[in-house]
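The values are calculated or read from the model by the stated rules, or taken from the named source; none is laboratory data. Note that the structure is predicted; figures quoted are calculated from it, not measured. Don't worry about glycine lacking a Cβ; one is built from the backbone with ideal geometry, like all the others, and counts go over all protein chains shown. Each accessible area value is taken on the protein alone, full model and side chains, heavy atoms only, with ligands, DNA and RNA left out. Shrake-Rupley method; radii C 1.70, N 1.55, O 1.52, S 1.80 Å.
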Amino acid sequence: MTPEELLKQISQEVAICKKCVLNHSRKRAVAGEGPANARIMFIGEGPGFHENEQGRPFVGQAGKFLDELLAGIKMKREEVFIANVVKCRPPGNRDPLPEELAACGDYLERQINIINPQVIVTLGRFSMARFLPTAKISEVHGRSFRLNDRLIVPMFHPAAALHQPSLRPLVEQDFSRLPQLISQPLSAAAPAPDSTEQKSLEQKSEPKQLNLF
Ligand code: URA
Ligand code: SF4
């Protein structure tokens with residue numbers, strides 16, 4: 001199967017998935033969307049009201065802000081893959097529960113393996129915790145970490161900046177630095193805390209250039 005077909009298969013599985021209780025309250029599951037060969041993947045938390053209605057990620061207020069942030073760095077959402085750590089809306093937009101994150105994690109893992117992005121931008125703490133389990137968002141936001149030959153860049157969730165206006169300049173500043181972070185050699189990024197999977201990278205003689213911009 002082609003990467004596109006593999007991603008489509010995941011969307012079809014997610015649409016009828018009953019692996020956690022979130023299947024009872026969802027209208028439409030939101031697998032995620034974007035090109036199978038996207039170099040950058042944005043990973044949010046879970047569908048909200050509008051995403052649940054439309055079956056598409058980040059189409060509500062937070063999504064509009066995300067579009068603006070992307071436009072600010074001359075990127076379009078069509079160029080990136082956008083997904084979430086849970087594919088069905090938690091009732092009332094509550095936080096996803098550990099058992100829901102665990103049940104849904106396999107879909108995201110398969111998407112990451114198929115797309116094999118050079119950069120993963122995590123939006124919010126649930127997404128960050130998947131890659132940087134010991135990191136604190138207030139300390140690490142906007143920095144880059146290498147993990148399995150990829151760059152992980154944790155960011156505040158755009159919705160957090162909408163609820164807490166003081167965060168907005170920080171989010172905008174972090175986004176504006178993304179092109180520069182991405183164009184640096186992978187070796188310039190700090191290893192992800194707690195990661196034991198850095199050996200292959202350290203052994204490479206040539207620094208790997210992530211030339212996206
Ligand atoms: N917030 C998220 O985390 N994901 C979406 O898809 C929409 C809002
Ligand atoms: Fe399945 Fe994930 Fe939806 Fe739970 S949130 S029902 S695991 S697709």
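Put simply, the range 1-79 fits an ellipsoid with semi-axes of 23, 18, 8 Å; these come from the alpha carbon gyration tensor as the roots of five times its eigenvalues, largest first. Taken per residue, the accessible surface of the range 25-172 reaches 42 Å², heavy atoms only and a 1.4 Å probe.
Per-residue packing, averaged as other Cβ atoms within 10 Å, sorts the ranges 79-88, 50-59 into the order 79-88, 50-59, beginning with the highest.
Measuring between alpha carbons in the structure, the pairs from Lys19/Lys64; Lys8/Lys64; Lys87/Lys136; Lys18/Lys87 lying more than 21 angstrom apart are Lys19/Lys64; Lys8/Lys64; Lys87/Lys136. Among the trypsin sites (Lys or Arg not before Pro) within the range 124-193, those in coil by DSSP and having at most 12 neighbouring Cβ atoms inside 10 Å are Lys136.
Semi-axes of the equivalent ellipsoid of the chain: what are they in whole Å, largest first, if each equals the square root of 5 times a C-alpha gyration tensor eigenvalue?
Semi-axes, largest first: 26, 20, 17 Å.
Per residue of the chain, the DSSP helices (runs of n ≥ 4 H) give a summed -39500 (n - 2.57) that works out to -11500 deg cm²/dmol at 222 nm. Accessible surface of the chain, 1.4 Å probe: 51 percent of it comes from carbon and sulfur atoms.
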